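Remarks on the structure that follows.
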Amino acid sequence: MESSKLKFFKNELLALKNSIGKNIYSAEKEITLMRNQSPTDDGDYAVLMNDTSIDDTLIANQMQKLKEIDEALDKIANGNYGICDMCEEPISVARLQVKPYAKYCIACREINEKESSDK
């Protein structure tokens with residue numbers, strides 16, 4: 001991949017990483033505030049626990065995305081960004097524009113998702 005495209009994707013990945021970091025920080029602050037609340041009845045307690053559980057799941061998903069972004073940044077540094085982890089063929093620029101931390105080309109992503117859903 002040419003250096004101008006690599007620079008573009010690196011900047012995109014860094015911007016995503018920054019944005020996700022801010023989202024995680026805000027969600028963690030919200031969870032802390034919710035956990036410090038004293039529910040007045042069982043209904044309040046159930047809502048509080050449900051909201052906290054949802055936020056925990058969202059944070060876990062965001063942390064996974066951060067991990068994938070860091071892996072993509074490492075690939076840029078190592079010179080193998082944009083190469084499918086499965087078939088080792090180039091990932092299309094169009095796919096990387098949609099998901100700059102993509103690990104798989106479209107064909108391999110479909111195979112991977114099918115295998116995951118079969119388990």
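Checked against the criteria, residue 6 does not count as part of a helix (DSSP H, G or I), under 16 Å from the mean Cα position of the chain (by Cα) and of a type in the set (A, V, I, L, M, F, W, C). If only residues of the range 4-48 that are small (Gly, Ala, Ser) and modelled with pLDDT under 90 are counted, the one that is nearest to residue 62 (Cα to Cα) is 27. Note on the range 1-41: among residues that are surrounded by 14 or more Cβ atoms within 10 Å (Cβ to Cβ) and without any contact (Cβ under 8 Å) to a residue 24 or more places away in the chain, the one that is nearest to residue 68 (Cα to Cα) is 8.
The values are calculated or read from the model by the stated rules, or taken from the named source; none is laboratory data. Note that this is a predicted model, so its numbers are computed, not measured. With ideal geometry, Cβ positions are generated from the backbone for all residues, glycine too; neighbour counts draw on all protein chains shown.
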